[in-house]
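The values are calculated or read from the model by the stated rules, or taken from the named source; none is laboratory data. In this text, all values refer to a predicted model and were calculated from it rather than measured experimentally. Methodologically, a virtual Cβ is constructed for each residue, glycine included, from the backbone with ideal geometry; neighbour enumeration extends over all protein chains shown.
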Amino acid sequence: MNIIKYILIFIVTATLGVFIGKYGIAAVQSISAAYQIEKGDYSEFGVSANSPVKIYITDWCPFCKKTTSLLDKLEINYIQVDIEKDPIALKEFEALKGKGLPVILISDGLIRGFNQAAIEKQLEKIQLL
């Protein structure tokens, strides 16, 4: 009888863990999305009304790939620059105080790292979603 009890406890705990892992992170990102967006004038980095999205990436960065996949799925046009292949992009990345990747510029917002909720919030703000 005790073994059945422990198996049920394990199943319930594992199910909760999967649920929290899948939906909990998205919920936290959604709640904190506004705080993940740094407001500023990024026009000097090539962001404009005609080209409102620019991302700084490298080939090996998995979160850069997630970002480009998301933007492609949403059918958002963007400028992509590789900081390891383009010295001007590296200087811009450094001027933006880039420490991690990707660095995403969307109109007047800067997002550090992949945060789907923040990206979508900023795209909605400029009416691209």
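In the stretch 1-57, what count of residues is obtained for those that are at pLDDT below 90, within 21 Å of K97 (Cβ to Cβ) and loosely packed, with under 11 Cβ neighbours inside 10 Å?
1
Could you please find all residues in the stretch 57-108 being of a type in the set (G, A, S) and more than 12 Å from F45 (Cα to Cα)?
Here is the first cut: in the stretch 57-108, the ones of a type in the set (G, A, S) are 69, 89, 95, 98, 100, 107.
Once the filter is applied, which keeps residues that are of a type in the set (G, A, S) and more than 12 Å from F45 (Cα to Cα), the stretch 57-108 yields S69, G98, G100.
Does L101 count as assigned to a loop (DSSP other than H, G, I, E, B) and either closer than 16 Å to Q36 by Cβ or in contact with a Pro (Cβ under 7 Å, 6 or more places away or on another chain) (or both)? Explain how you work it out, then say what you get.
Values: assigned to a loop (DSSP other than H, G, I, E, B): yes; either closer than 16 Å to Q36 by Cβ or in contact with a Pro (Cβ under 7 Å, 6 or more places away or on another chain) (or both): yes.
So L101 passes the test.
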